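The values are calculated or read from the model by the stated rules, or taken from the named source; none is laboratory data. This is a predicted model, so every value here is computed, not measured. Neighbour counts are summed over all protein chains in view; Cβ atoms, including those assigned to glycine, are modelled from backbone coordinates with ideal geometry.
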Amino acid sequence: MAQSESPLFPDDVSAEERTGEAVDAGKGRIFPCDQCGADLEFSIGQQSLQCPYCGFVKSIELPETEIVENDYLAALRRLEEQKAETTPAEEVKDVHEIRCEGCGANVVFQGTLTSTTCPYCATPLQRDRVHNASARIRVDAVVPFLVPYERAASNLRTWVQALWFAPNDFKREGANGKFQGCYLPFYTFDAATFTRWSGQRGDYYYETIQKANNQTERVRRTRWTSTWGEFDKPFDDVLVLALEDDRRNLIQSLEPWPLDKALPFTLQFLSGYFARTYDVALEDGFRRGKERMDAAINQEIIRRIGGNEQRVMGKNSTYNDITYKHLLLPVWLLAYRYKQKTFRVTVNAATGEVQGERPYSWVKITLFVLMWVIIAAALFFFFQSR
C-alpha cells in the first residue's frame, strides 16, 4: 500500500534514524520488566503492562492531557506547508515500521518484534526490512484491547456454528488459525451543518373508477405538493476507516465501536501488538466522512418532507467547525484455509463482534432450493384442485 502523503507518529528523531536505515528491532527494550528485564506486554485482563515470563504487572501511565478535537482546516494548512507536528524524541525513537511483502500493509510496533508473520495475510515478515516509523499525523486516542484471545476464539466458534449452509466438515472442524492482535487506524470527524432544502410531498388518496360491465375499481393516486425548509444538524464522531484495504467491508461491519472507552494515546498500548499505519490522507478521510453525513442529512430531509412518498428536489449544505481525531481501534485478525482456499475473519476486540468470510455448501443450498420448489408446486396443485 502506498504511504500516506501526510506525516502515525510525528517526527523528531536523529539524522541517522531519518535515513530509514535498517535497525535491529530485537534490541529495543522500551518497557523492561522491573524484576527480570524482559519486555512487558499489554495485558487485556489486567489493562496494564505485564511480564509474560515472571508475571510482574506495571500500571499504564496515561498522559495528563485530555483527548481533544483537532481543527481540520488548520491541520490541512499544516500539511500543505509540510510541517510535522512534534512529539518528544524519546517517545518515537523506538517505534518501528515494517512493510509486508505479501499484501503491502505497513505496520508499526513498539520495541521488540513479537510476531514473525503479518497480522493481515500471515506472510512471514522480514526483519531486515524494519526501519524507524516515518513522520505521520499524531495518534490522539486509542480504544485498548478489551476482548481477550480466549473470548475471541469462543465467539468465533459460536459464529461458525451459526452459519447457514456451511459445509458439515467445516462446522465440525471450525475456522482453525492463529489470531493476530492489531490496531487499525480511524478518523472521527465532527461538524456543525446547516441545510436548506426543497422537495415534494406525495400523499396517497383513492378514487373509484367505473369499468366495463358495470364493475368498479378502487385506484390509488398520489397528490404532490411542494415543500421546503432549513435545519441545523450537528455531527459527532463520524467514524472513517483510514485504510485502503480489501477487508474494508468486513472492518466496517464491526461497528459500532465503544468510542466512549477511548483513552489518551500512549505507546504503552502498542506493547506486544502491531498497529496498521493509515494510508488514507486526512482530506480524503473527510470526504468519506462527509458522504456519511450527507446520507444522514438526506434521511433528515425525507423525514421533514413526510407523507407517503418523498422527492428531494434541491439541497444545499454547509459544513462548519470541522474537527477530527486520529484513533487506533483494536481487532483480532485470523486467516484460515478450507479446501485450499483462504478465508479471513475479523473480531472487534472491544465488543467481541465477529465478521468474516466463510465457505458454502452448494449441496445444502441446492437441496434447500429444491425443497421450496416442491413446497410451492404442492401448494399450487392443492389450490388448483380446490
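Condition first: within 30 Å of Arg151 (Cα to Cα) and of a type in the set (Val, Ile, Thr). Can you find one or more residues in region 322-332 that meet it? Spell out how you get there, then give the answer.
Step one: filter region 322-332 for residues within 30 Å of Arg151 (Cα to Cα), giving 325-332.
If we keep only those that are of a type in the set (Val, Ile, Thr) too, we end up with 331.
Yes: one or more hits.
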**Asked** Name the pairs: first residue in region 167-181 and more than 20 Å from Ala349 (Cβ to Cβ), second residue of a type in the set (Asp, Glu), Cβ to Cβ under 9 Å, at least 6 apart or on different chains?
**Response** none
**Request:** Kindly indicate which of Asn249, Asn155, Asn213 is farther than 30 Å from Tyr336 by Cα, outside any strand (DSSP E or B) and either of a type outside the set (Lys, Arg) or out of contact with any Gly (no Cβ under 8 Å at 6 or more places or on another chain) (or both).
**Result:** Asn213
**Request:** Scan Asp260, Asp232, Asp246, Asp236 and give me the residue that is closer than 30 Å to Leu40 by Cβ and among the charged types (D, E, K, R).
**Result:** Asp260
**Of the criteria (1) at pLDDT below 80; (2) surrounded by fewer than 17 Cβ atoms within 10 Å (Cβ to Cβ); (3) not in a loop (DSSP other than H, G, I, E, B), which one Ala74 fails** = (1)
**Asked** When region 221-269 is examined, which residues are found to be surrounded by fewer than 14 Cβ atoms within 10 Å (Cβ to Cβ) and among the β-branched types (Val, Ile, Thr)?
**Response** Thr222, Thr225
**Within region 149-208, considering residues that are of a type in the set (A, V, I, L, M) and over 30 Å from Val68 (Cα atoms), the one surrounded by the fewest Cβ atoms within 10 Å (Cβ to Cβ)** = Ala162
**Message:** With the structure loaded, tell me whether Leu329 is closer than 30 Å to Glu80 by Cβ, surrounded by 17 or more Cβ atoms within 10 Å (Cβ to Cβ), in contact with a Pro (Cβ under 9 Å, 6 or more places away or on another chain) and at pLDDT 90 or above or whether it fails that test.
**Reply:** yes
**Top-ranked residue in region 270-289 [being hydrophobic (A, V, I, L, M, F, W, C) and outside any loop (DSSP other than H, G, I, E, B); ranked as surrounded by the most Cβ atoms within 10 Å (Cβ to Cβ)]** = Ala275
**Message:** Pairs please, first residue from region 357-378 and closer than 25 Å to Thr346 by Cα, second anywhere and hydroxyl-bearing (Ser, Thr, Tyr), Cβ atoms under 6 Å, 6+ apart in sequence or on different chains.
**Reply:** Pro359/Tyr338
**Complete:** Of those in region 208-233 that are among the hydrophobic types (A, V, I, L, M, F, W, C) and more than 30 Å from Ile297 (Cβ to Cβ), the residue modelled with the lowest pLDDT is Ala212
**Prompt:** Given (1) under 30 Å from Trp228 (Cβ atoms); (2) assigned to a helix (DSSP H, G or I); (3) of a type outside the set (D, E, K, R), where does Val363 come up short, assuming only one miss?
**Reply:** (1)
**Complete:** Residue set Val373, Val369, Val345, Val363; condition aliphatic (A, V, I, L, M) and surrounded by 13 or more Cβ atoms within 10 Å (Cβ to Cβ); output residue Val345
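Within region 328-360, track down each residue that is over 14 Å from the mean Cα position of the chain (by Cα) and part of a loop (DSSP other than H, G, I, E, B).
Step one: filter region 328-360 for residues over 14 Å from the mean Cα position of the chain (by Cα), giving 334-344, 357-360.
Once the filter is applied, which keeps residues that are over 14 Å from the mean Cα position of the chain (by Cα) and part of a loop (DSSP other than H, G, I, E, B), region 328-360 yields Lys339, Gln340, Glu357, Arg358, Pro359, Tyr360.
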